[in-house]
There are 2 protein chains.
Amino acid sequence: MPRISATKEAILAAALELGALHGISGTTMDEVSERAGVAKGSVYYNFSSKDRLFEELLTAGVSSLSSALRNARLSAPGFAGIEAMVAAMLALIAGNRALAKLMAAEIFRTDRPWQVSMAVLRREALSEFEAGLAPLVPAGTPRGSLPLMAAGIFGATLMGGLEWLLFSPDTPAADVSAAILFTYSGKLDAGTPPTA
Amino acid sequence: MPRISATKEAILAAALELGALHGISGTTMDEVSERAGVAKGSVYYNFSSKDRLFEELLTAGVSSLSSALRNARLSAPGFAGIEAMVAAMLALIAGNRALAKLMAAEIFRTDRPWQVSMAVLRREALSEFEAGLAPLVPAGTPRGSLPLMAAGIFGATLMGGLEWLLFSPDTPAADVSAAILFTYSGKLDAGTPPTA
DNA sequence: GTCTATATACTGATAGAC
DNA sequence: GTCTATCAGTATATAGAC
């Protein structure tokens, strides 16, 4: 027996798809109810407001991202852990591209009703990258650099993953992962071009 | 004498600030007119619709990003060109954080009235990174990898830049640039941790 | 070219039958 | 727990004076 009702699940699924398509503000509760196949009254019976509905969606998404990143990080030591995190995040994006698009559009909003909970979860996800990076940077690295590097790798994976799904969905997942990770190999900065 | 009127400029500035704050759908034309200090009728005299107003804003933004990236790329050969592009993009983000936030939220929307023009400009910006990367990757690199790497570096710079401005604005720009670029040095993947 | 005033449609949310 | 019907507020956009 599911922890949440079938109705609630249908509403969440509809809100997710529409939110990814039109943005949250651009999605109406009428559309959500229609797509979910229920009456609008039922939507408001299950979720007290539009804000609550999308907050539940977003926090659940970032939360599952965090735990996936954590599992990946703990699955391998050193840089292999970073590789695993990138691969895991790409898999998550591929497995739920609507959620990925929604999160990409919402992650930098600073005046939403759910701003605080999102910021906490965002930092939680980035912290996983920071934890993976911490043992890999030299001792003299400035204090504030780690969050920026973490954000960079997170952003690269997110943007690369969305580029993948939207513009070259036929590329194998492993190739995408390899392309992103290649940039971290140091081979781009080999002084003169490698053909020379 | 400015190419566009002072009124038009005030409207664009107001729309930019409010759009970055509440999102485009969340921004009303009443708010725009109030913040611009003009009547709503004047807004519609200068811009035929809300969509047109924000389209003008976004296309101008991505366009200036493209040319900044291009100039940076041509300013230095090899990997130094990539470094210059990252620095230039960070400077642009710092110089117009509202536009950066707006673009971050809109860049992956696929069903907007301005979808086509945005997609064209987006690809134009990414092409600059691709052009910079092309001489740096090995001969055997798969065809589709370059756009993914370009998207990765673009995403890293965007996400790192936004992280910077929102959560550690006191960090010097050079440090931010250095942090992002360090991840591409290959020093993260030095086998065992550098302290071993 | 800018204003005020208004038309028209839509939105989030609620009330109450079943 | 789900429905229909509806309210009250607000949005884009327009008309027409100045």
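The values are calculated or read from the model by the stated rules, or taken from the named source; none is laboratory data. Remember, predicted model here, so these are calculated numbers, not experimental data. For neighbour counting, all protein chains shown are included, and Cβ atoms are generated from backbone atoms with ideal geometry for every residue, glycine included.
If the condition is being closer than 11 Å to B:Glu163 by Cβ, crowded, with 24+ Cβ neighbours inside 10 Å, touching a Ser or Thr at 6+ places or on another chain (Cβ under 9 Å) and of a type in the set (Gly, Ala, Ser), then the stretch A:128-167 contributes A:Ala150, A:Gly152, A:Gly155. Being of a type outside the set (Phe, Trp, Tyr), closer than 23 Å to A:Leu165 by Cα and within 12 Å of DNA strand D (Cβ to nearest atom) is a property that holds for A:Gly26. Filtered by the rule that a residue be near DNA strand C (Cβ under 10 Å from one of its atoms) and within 19 Å of the chain's Cα centre (by Cα), the stretch B:2-35 gives no residues.
Of the residues in the stretch A:124-146, not one is touching a residue at least 24 places away in the same chain (Cβ under 8 Å) and more than 20 Å from A:Met85 (Cβ to Cβ). Taken over the stretch B:2-35, the criterion of being free of Cβ contacts under 8 Å to residues at least 40 places away in the same chain and assigned to a loop (DSSP other than H, G, I, E, B) is satisfied by B:Pro2, B:Arg3, B:Ile4, B:Ser25, B:Gly26, B:Thr27, B:Thr28. Of the residues A:Ala100, A:Ala94, the single one that is surrounded by fewer than 19 Cβ atoms within 10 Å (Cβ to Cβ) and more than 8 Å from every other protein chain (Cβ to nearest Cβ) is A:Ala94. Each residue in the stretch A:93-120 was checked for being touching a Leu at 6+ places or on another chain (Cβ under 8 Å) and basic (Lys, Arg), and 2 of them qualify.
I'm trying to understand the selection: among the residues of the stretch A:113-127, which are in a loop (DSSP other than H, G, I, E, B) and crowded, with 16+ Cβ neighbours inside 10 Å?
A:Trp114
Only one entry of B:Arg122, B:Arg112 meets the criterion of being in contact with an Asp or Glu (Cβ under 8 Å, 6 or more places away or on another chain), of a type in the set (D, E, K, R) and within 11 Å of another protein chain (Cβ to nearest Cβ), and that entry is B:Arg112.
Within the stretch A:40-56, the residues that satisfy the criterion of being in contact with a helix residue (DSSP H, G or I) (Cβ under 6 Å, 6 or more places away or on another chain) and either closer than 19 Å to A:Phe108 by Cα or of a type outside the set (S, T, N, Q) (or both) are A:Lys40, A:Val43, A:Phe47, A:Lys50, A:Leu53.
Let's see how each residue does on (1) among the aliphatic types (A, V, I, L, M); (2) in the same structural domain as A:Met149 (by TED's automatic domain parsing); (3) on the phi > 0 side of the Ramachandran plot:
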residue: A:Ala13; (1), (2), (3): yes, no, no
residue: A:Leu18; (1), (2), (3): yes, no, no
residue: A:His22; (1), (2), (3): no, no, no
residue: A:Leu74; (1), (2), (3): yes, yes, no
residue: A:Pro77; (1), (2), (3): no, yes, no
residue: A:Ala80; (1), (2), (3): yes, yes, no
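When A:Val38 is tested against the conditions (1) assigned to a helix (DSSP H, G or I); (2) within 13 Å of DNA strand C (Cβ to nearest atom); (3) of a type in the set (Val, Ile, Thr), the lone failure is (1). Residues that are buried (at least 18 other Cβ atoms within 10 Å of the Cβ) and either within 25 Å of the chain's Cα centre (by Cα) or at positive phi (or both) within the stretch A:36-55 comprise A:Ala36, A:Phe47, A:Lys50, A:Leu53, A:Phe54, A:Glu55, listed in sequence order. Restricting the stretch A:128-187 to residues that are of a type in the set (D, E, K, R) and either assigned to a loop (DSSP other than H, G, I, E, B) or touching a strand residue (DSSP E or B) at 6+ places or on another chain (Cβ under 6 Å) (or both), the residue that is nearest to the other protein chains (Cβ to nearest Cβ) is A:Lys187. In summary, A:Thr110 fulfils each of the numbered conditions (1) in the same structural domain as A:Ala178 (by TED's automatic domain parsing); (2) modelled with pLDDT under 95; (3) crowded, with 16+ Cβ neighbours inside 10 Å with the single exception of condition (3). The residue that is nearest to DNA strand C (Cβ to nearest atom), counting only those in the stretch B:41-66 that are within 14 Å of chain A (Cβ to nearest Cβ) and charged (D, E, K, R), is B:Lys50.
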